[in-house]
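The structure under discussion appears below in the form of structure tokens.
The values are calculated or read from the model by the stated rules, or taken from the named source; none is laboratory data. As the structure is a prediction and not an experimental result, all values here were calculated from the model. Positions of Cβ are backbone-derived with ideal geometry, glycine not excepted, and every protein chain shown enters the neighbour counts.
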Amino acid sequence: MYVTMFMNIVNVTLGYILIYGIDLNPLGINLQTPSYGITGAAISIAIARIIGCIVIIRALFKGNEFISMGKIFPFKIDVETQKSIFNIGIPAGVEQLLFNAGKLIVQVFIVTMGTSAIASNAIGMSIASIINVIGNALALSATTLVGQYIGRGDIKELRVLYYI
């Protein structure tokens, strides 16, 4: 939170200087910067984010009682567990890759149809996303419950959940 506030202060200050430019000659300081407009805004955001990234990385490597790089991987990686995760994760990742590639191809066709088609597609995708929220929430909660029942060894209750 502190880093974000610091980044925002840097962004606003640099943004003003780079967007509008400053002239400090009336104060006796020989400093003038040109106004860069929207390019200045982009530069100030980039500089603020780079500074924030440096501060966060330094804090991670320095560490404190709450977080440090040494606490991120305090465990040994089990190769067999990783294989079973990849056996599920890689096909799921490929499925998502193909799904999104299909959406991209559809988007390429829609862009050629004009702004009305693009707006209609955006509205349709928003409606579909809202409808999918319910199904995704149920799938996520069912996954959690199935994991809990299997972890407890309570297969009888799992079967009841399956029929619901």
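A few remarks follow.
- Out of 110, 105, 88, one residue alone is surrounded by 11 or more Cβ atoms within 10 Å (Cβ to Cβ) and part of a helix (DSSP H, G or I). It is 110.
- Counting only residues that are surrounded by fewer than 15 Cβ atoms within 10 Å (Cβ to Cβ), of a type outside the set (A, V, I, L, M) and either modelled with pLDDT of 90 or more or within 18 Å of the chain's Cα centre (by Cα) (or both), the range 33-61 holds 3 of them.
- Pairs are defined by a Cβ separation below 8 Å, a sequence spacing of at least 6 or placement on different chains, a first member in the range 101-126 that is aromatic (Phe, Trp, Tyr), and a second member that is not in a helix (DSSP H, G or I); no pair meets this definition.
- Residue check for residue 110: modelled with pLDDT of 90 or more and assigned by TED's automatic domain parsing to the domain that holds residue 100: yes
- Single unsatisfied condition, residue 157 versus (1) loosely packed, with under 10 Cβ neighbours inside 10 Å; (2) more than 22 Å from the chain's Cα centre (by Cα): (1)
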